[in-house]
Every structure is written in C-alpha cells, then in structure tokens.
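K.L.:
Below is one structure. I have some questions about it.
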Amino acid sequence: MGVLVEVHKRSAIGYKELYACVKDKDYFVITTNVAHCFQKFGFDKQKLFYTQGDYGLFQCSIPCHSNTYDNELQIRTMVAEQKNMKIPSELVPRCPVCGKPMTMNLRSDSKFVQDEGWEQAYLRYKDFIEEHKNLPTIFIELGVGYNSPGIIKYP
Ligand SMILES: [Zn+2]
C-alpha cells in the first residue's frame, strides 16, 4: 500500500506527528509549502516533491544559471552573526557565477529555477503515482485549497 501526502502551506497539522504516521510506510509527499519543514522533521528528500521551491535552497536572483544551493550553513552563520537585525555585508549571499545577490528558491515570478534536483523530484513523484495507480493508496490531503489548484487540487 502506498501513501501519498499532499500538503499546502496553510496546513496546521504537526510535521512531527505526520512523519510518525508515514515514516514506516511507502509514502511520497507533494507540497506547495516552501518552508523546508518536511526535511527538518525527518522526511526523506527523495520522497518529496517541493513544487514551488524550497527555502532551504538559494538560487541566483537573475538567474544566470539553473543551479540551486543548500543554504543551511550560510543561514545559520547569518543568524549567529546578526546584530540589530543586520548581518555583515560579506555574509550577503552572492551568486558563484555572476556575483549578483542570491535569493530564495521560491516560485514567485518567472525567475524561479527548476534545477536538476527539482526535475528529479518531479520524476520520482510521477513514478510513485504510476507505480501505485492499481494499488490501494491512501491520499492524505492537508490544507490544499485553490491558491494554486493546478498543482495538487485538480490532478
Ligand atoms: Zn548569477
């Protein structure tokens, strides 16, 4: 049996409790939530399709190329070094290719980067759906509304 978890950003359920429910199951998560919470609470990134981006990733603000970068160390350094809500200028994240500021990997306009990791997550999601289409599968839909219905609600 498979478990497909569909979560929208307004969901109020606790991630810890949700993970406890699915961690020993053949699960997959599709989400429009960009807050990086699934990974923080132990969900396997290989079982996660973060359709609208991930605050755990930086991308070039232009973007001059289609890579994303894990930002945990940079963010933790900024938090540790901030004073009066400001960080030292040298900690402002810069694109390693063009030097322009980096930004969060968030689908908010046409500059969203769908890198190889995003494409692989999409393919794993499609594979999960295909492999489970004739198997008993529980769909858990949490907080999925009409903000972006073409991603989860209608399909
Ligand atoms: Zn760049």
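K.L.:
Go through the range 37-72 and report how many residues are aliphatic (A, V, I, L, M) and farther than 22 Å from Tyr15 by Cβ.
P.N.:
The total comes to 1.
K.L.:
Which residue out of Ile129, Ile140 is surrounded by 12 or more Cβ atoms within 10 Å (Cβ to Cβ), touching a residue at least 40 places away in the same chain (Cβ under 8 Å), assigned to a strand (DSSP E or B) and under 19 Å from the mean Cα position of the chain (by Cα)?
P.N.:
Ile140
K.L.:
Considering each of Ser66, Ser61, Ser108 in turn, give the residue that is touching a strand residue (DSSP E or B) at 6+ places or on another chain (Cβ under 9 Å) and modelled with pLDDT under 95.
P.N.:
Going through Ser66, Ser61, Ser108 in turn, just one is touching a strand residue (DSSP E or B) at 6+ places or on another chain (Cβ under 9 Å) and modelled with pLDDT under 95: Ser108.
K.L.:
Quick check on the range 106-126: of everything there that is within 11 Å of the chain's Cα centre (by Cα) and part of a helix (DSSP H, G or I), which residue is surrounded by the most Cβ atoms within 10 Å (Cβ to Cβ)?
P.N.:
Ala121
K.L.:
Okay, next question. Do any strands (runs of 3 or more DSSP E) entirely within the range 1-100 hold 2 or more residues that are under 11 Å from the mean Cα position of the chain (by Cα) and away from the ligand (no atom under 16 Å from the Cβ), and if so, which?
P.N.:
26-31, 48-50, 53-60
K.L.:
Suppose the filter is touching a helix residue (DSSP H, G or I) at 6+ places or on another chain (Cβ under 7 Å), free of Cβ contacts under 8 Å to residues at least 60 places away in the same chain and either surrounded by 13 or more Cβ atoms within 10 Å (Cβ to Cβ) or not hydrophobic (A, V, I, L, M, F, W, C) (or both); does Thr103 pass it?
P.N.:
In short, no.
K.L.:
Right, here's the next one. Checking Tyr27 against (1) buried (at least 18 other Cβ atoms within 10 Å of the Cβ); (2) at pLDDT 95 or above; (3) farther than 22 Å from Thr137 by Cα, which single condition isn't satisfied?
P.N.:
(3)
The values are calculated or read from the model by the stated rules, or taken from the named source; none is laboratory data. Quick caveat: nothing in here was measured; it's all calculated off a predicted structure. Cβ coordinates were reconstructed from backbone atoms using ideal geometry, including for glycine residues, and neighbour counts include every protein chain displayed.
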